[in-house]
Amino acid sequence: MEATKAEAREWSAEQARLGRRAATFVILPALLGTLLGIGSAYLLATILGGFLIGDPLDSWLAAEFVLIALCRAALIYLADIAAHRAGATARRRLRTEALTRLLEAGPALLRGHHSGALAAIVVDRIEALDGFFSRWISAGQLAVLGPLLVGLFVLMKDSFAGLVLLGAGLFVPAAMAIAGIGAAVAAKRQVIAMTRLQARFLDRVRGIATIVLAGRTESEAASLRAAAADLSRRSMRVLRVAFFSSAALDLAAAFALVAIAIHFGLQFRRGDLVDPRTALFCLLLVPEFFAPLRAFSAAYQDKLHAAGSAEALAALPAAAATLAAPALPIRTVPAHGITVAFEDVRFAWDPDRGPVLDGVSFRAPPGEVTLLVGASGAGKSTILEMLLGFIRPQAGRITINGAEITDLVPEALSRLTAWIGQRPVIFAGTIAENIRFARPDASDEELRQAGHLALVDRFADTLPEGFATRIGEGGYGLSGGQAQRIAIARAFLKNAPLLLLDEPTSHLDPATEGEVLESLRRLVLGRTVILASHATAAHALGGRRVDLVDGKVVPLRGVA
């Protein structure tokens, strides 16, 4: 999932614009610090020059030098704090935007992308942008303003020394620009290699049992070592660019220092009247001149990391692309007596593979069960994903109580709907925490009642810690039927009027399937239910039947 170079550049420019306001609080203290640095260099040159010509030490000058040094240290501290806050604020904003886009895209986004790669975008690639906001944006402006300010003061004291400094300063960005041609490519390849390693490692951890049973531990370990070595090689290429930039900067600084020293040495040898304070002032300002350029060179790596991250972040689906903006004002619907209607709905994941839904029309009356029946690929799960708001019809319309689903407030649609899938997602935590996920503000009594209705207490009460028993990620430690009962308990706790069921008993044995169906019979009472299932036992819930064949509806017939 990568954006084009033009999209990445546009995204980076927009982020730089957003980061400049925060960078102001970094630039102003830094510029004031540069002015104080010029002042401290002047005072130090005056003190040392006085020693050379035999003047007595002026205690006031020494006191002023110490005071300026303390003030400059305070300004540097304030600039560092402002830079840290700018980076943290930007990362928080980007992570919120990225998570919002991923959540709005829903599971449809996972059809073509690895979950490990998506996690790397939200965590590592956004983390890699910290330096872009905290250092690079401010360093880019200070690299121009700081040396220019110092160069003007040196130019006023000695024109040759000022011209040498300005000329050496121009060499640094030119050398960095030459190095940057290959650096951006190297940084991008490093990020891609890191993402691939993360995705591969996550896959192998998830399938560790299969790997061990197949006797592939050595070969898989070798492949991970190879991927790690590839990442190491690509990281070293990026570091080589950093060393080249640093060498160019040190070369320019050394040249300027030597040229200015030789200039004043030749003047002294010719017998020209040379004020040692002027010579010392110009020489002391050489490090001050290159300090912003040195910070710019160090931050250049942050720009390279940002370039590698920008393409992935810019490629995240925008909210407008995933959830089409409604033509009418968004609205809500009454939460009681939900009627769902599909009217000539059409949808295709890939136009070349043909439509998944081809003119689907049916109506789910309030308080009744509607069964979606059909072979795999008939479009049952796609219908449920549309009702969940993850995808939108490409033609036709879906209404809930007469309101088009595209006009509904997303939060209102979420409150109306409860969903139970084939394999429910169970998070690492306690049984109670997993049930309360449906409604975090639920009381302990409400949670316990939901667990009773879903028959969770039948197995939870046999555990030493009951509902407080911790379970592993993905439901580790639970059977399929126990995990499904937790999902049903969530639906009981949420108490939504529209219930969507996607093959809730497909992977269960007959005995467990009967227990789950017992819970579902209580859950469906008084709710509008749309159930997609192959299982014949699930049809015992009763209701209307919608037969789907190749994305089309066969005429409806009742089910006893």
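Laboratory data are not the source of any read-out in this text; all were calculated from the coordinates shown. What you see is a predicted model; the values in this text were computed from it and never measured. Don't worry about glycine lacking a Cβ; one is built from the backbone with ideal geometry, like all the others, and counts go over all protein chains shown.
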ask   = Which whole-number percentage describes the relative contact order of the chain, with Cα contacts under 8 Å and a sequence gap of 6 or more?
value = 16
inquiry  = Stokes-Einstein diffusion coefficient for region 5-317 at 25 °C in a medium of 0.890 mPa s, Rh from the Kirkwood formula over Cα pairs: what value in µm²/s?
reply    = 109
key: Interchain or long-range residues, amide H under 5 Å from VAL549's placed H   = VAL554
ask   = Lys pairs in the chain, Cα-Cα under 22 Å, at least 8 apart or on separate chains: how many?
value = 4
note = Between the alpha carbon centres of region 447-489 and region 203-223 the gap in Å comes to 31
inquiry  = I want to make sure I understand the PRE zone here: with the label point 7 angstrom from the Cα of SER361 toward its beta carbon, which residues in region 383-418 have backbone N atoms less than 18 Å away?
reply    = 393-405
key: Cβ-based exposure ranking for THR462, THR278, THR417, THR528, in which fewest neighbours within 10 Å come first   = THR462, THR278, THR417, THR528
query = How big is the Kirkwood radius of region 343-455, worked out from every pair of different alpha carbons and given in Å to one decimal?
reply = 16.6
note = Final fewest-first order of TRP349, TRP419 on the 10 Å Cβ neighbour count is TRP349, TRP419
message = Quick check: the distance between the Cα centres of region 1-78 and region 356-393, to the nearest angstrom?
response = 64
key: Calculated SAXS-style log₁₀ I(q)/I(0) at q = 0.06, 0.09, 0.11 Å⁻¹ - the chain, Debye, Cα scatterers   = -0.50, -0.84, -1.06
ask   = Which FRET efficiency value, to the nearest 0.05, is calculated for ARG93 and VAL144 with the Förster distance at 25 angstrom and r the Cβ-Cβ distance?
value = 0.40
inquiry  = Could you compute how fast region 487-532 diffuses translationally, taking Rh as the Kirkwood radius over C-alpha pairs and applying Stokes-Einstein at 25 °C with viscosity 0.890 mPa s? Give it in µm² per second.
reply    = 223
query = Restricting to the chain, what percent of DSSP beta bridges are antiparallel, rounded to 5?
reply = 55
query = What angle, in degrees between 0 and 90 and rounded to the nearest 10, separates the Cα long axis of helix 217-269 from the longest principal axis of the Cα atoms of the chain?
reply = 20
